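Since the structure comes first, as structure tokens, the remarks are kept for the end.
Nothing in this text is a laboratory measurement; each read-out follows from the coordinates by a stated rule. Since this is a predicted model, take the numbers as computed values, not measurements. Note that we place each Cβ from the backbone using ideal geometry, even for glycine, and neighbour counts take in every protein chain shown.
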2 protein chains.
Amino acid sequence: MRWDIIELLFFAYRDFVGDADHELEAFGFGRAHHRVLHFVHRYPGLKVADLLDVLRITKQSLGRVLKQLLDEGYIVQKTGNNDRRQRLLFATAKGEALVAKLAGLQTDRINRALGDISPEGTDTVRQFLRAMIDHDDPDKVLETILKPGPATAKEQA
Amino acid sequence: MRWDIIELLFFAYRDFVGDADHELEAFGFGRAHHRVLHFVHRYPGLKVADLLDVLRITKQSLGRVLKQLLDEGYIVQKTGNNDRRQRLLFATAKGEALVAKLAGLQTDRINRALGDISPEGTDTVRQFLRAMIDHDDPDKVLETILKPGPATAKEQA
DNA sequence: CAAGATACGTCAATATGGCTGACATAATTT
DNA sequence: AAATTATGTCAGCCATATTGACGTATCTTG
């Protein structure tokens, strides 16, 4: 049994999301809002259906959170060009600012953790995390992440 | 920004806990039960207060799930020797069996993920996860985990 | 063109797992 | 004897998830 790694994952993830959780409180948002905003920002033009695949929640659950983000101007919708039923999602400047703030906190933690680790070690960590993910039925976003080569995601800052 | 690692952590953890989630459904339990049972099994004789520190939830929240685990015979309480106010917690055989089943699923995933990674690489992964954890105010369990050297936790199987 | 499928939104009800505040009891400490 | 500590419990609230049903606009297909 890999007790050590099981527990390390638990604590590492707890503290990792804890960074963002604190900041989110000030905005009256929860983790759900963060996840939605994050993926919309990273994959601009994401459809509602894509988001449901990625987050693995129901449309009803997403609806509530998404509505708030739309109402408060963190996200905007645009009707799809090819298919006008689709509502493509984009983060506004306001939304981008919040995502950047939250990702900054998490990036700081990651950089601290990688401080004593070589570039090769960092690749090993990345390789491990990738391999922990189910590969059988990747959705659109996961495909992008798992696919090696040039990122299709929003340009890296 | 470490967008890649942020997202890999999200997906990796999602699928990692997903393994156990499915199994837990069959027992009518949720993630909360798993966490409690896991730590009680791993650190036998844990006090209620310790558990609250580790899980970072309130005593009322813990109360509900703990009561179920006690009622259904997955955990037993024993009065503390030195301090008779304390209720020391222990997993029963039934509890151990469930923990083992769940940890087995997660261990399988970890082993798969470490498949192509050398022993040194595995240490790097461990080092990274450790360094992701807050070290400022470690509780009793975290101390054990973060402390190098012989484990004080339940003997490794 | 009509029928059906699809993308999305929404209403209603429910469950889980967090939370706060208040209060009770037993045991230990001062 | 009084205060503190460890635990339990009651009552209610909130966030986030669920299922099922239904509505509407739009695209696709026979």
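Observations on the model:
- Charging the Cβ of each Asp and Glu at -1 and of each Lys and Arg at +1, and nothing else, the dipole of chain A about its Cα centre rounds to 760 debye.
- Think of each Lys and Arg Cβ as +1 and each Asp and Glu Cβ as -1; about the Cα centre, that makes the dipole of the protein assembly as shown roughly 980 debye.
- Between the listed residues A:PRO44, A:ALA131, A:ALA32, the Cα displaced farthest toward the positive end of the dipole of segment A:1-155, a dipole computed from Cβ unit charges relative to the Cα centre, is found at A:PRO44.
- Between A:VAL76, A:VAL48, A:VAL125, the residue with the greatest mean-square fluctuation in the GNM of chain A (Cα pairs under 10 Å linked by springs) is A:VAL125.
- The base-10 log of I(q)/I(0) for chain B, evaluated at q = 0.17 Å⁻¹, reads -1.21 [Debye formula, identical scatterers on Cα atoms, solvent excluded].
- Across the alpha-carbon set of segment A:43-104, the Rg to Rh ratio works out to 0.97, Rh being the Kirkwood radius.
- Point-charge dipole on Cβ atoms (K/R +1, D/E -1) for segment A:72-144, about Cα centre, debye to 20: 500
- Mean projected area in nm² (Cα convex hull; one quarter of hull surface) for segment B:24-69: 3.0
- Highest-MSF residue in chain B out of B:LYS101, B:LYS147, B:LYS47 [GNM, Cα springs under 10 Å]: B:LYS147
- With R₀ set to 45 Å, the beta-carbon distance separating A:LYS59 from B:VAL48 gives a calculated FRET efficiency near 0.70.
- Working note: 222 nm ellipticity from helices only, DSSP H runs with n ≥ 4, each -39,500 (n - 2.57), summed and divided by the residues of chain B, gives -20000 deg cm²/dmol to the nearest 500.
- Cross-link partners of B:LYS47 among lysines, defined as those whose alpha carbon lies under 18 angstrom from its own and excluding same-chain residues fewer than eight positions apart: B:LYS59, B:LYS67, B:LYS78, B:LYS140, B:LYS154.
- For B:THR79, A:THR124, order by how many other beta-carbon atoms lie within 10 Å, fewest first: B:THR79, A:THR124
- Residues B:GLU72 and B:ASP116, FRET efficiency given R0 of 30 Å [Cβ-Cβ distance, rounded to 0.05]: 0.15
- Checking every one of the chymotrypsin sites (Phe, Trp or Tyr not before Pro) in segment A:7-46 against DSSP loop status and a limit of 15 other Cβ atoms within 10 Å picks out A:PHE27.
- For the protein assembly as shown, the percent of C-alpha pairs falling in each 20 Å distance bin, counted from 0 to the bin holding the largest distance, reads 29, 56, 14, 0.
- Computed from Cα positions, the angle between helix B:31-42 and the longest principal axis of chain B comes to roughly 80 degrees.
- Relative contact order (percent, whole number), segment B:1-144, Cα cutoff 8 Å, 6+ residue spacing: 26
- Among A:VAL99, A:ILE75, A:VAL17 - extreme Cα towards positive end, dipole of chain A, charges at beta-carbon: A:ILE75
- Dipole-positive endmost among B:GLN86, B:GLY115, B:THR58 within segment B:57-157 (Cβ charges, Cα centre): B:GLN86
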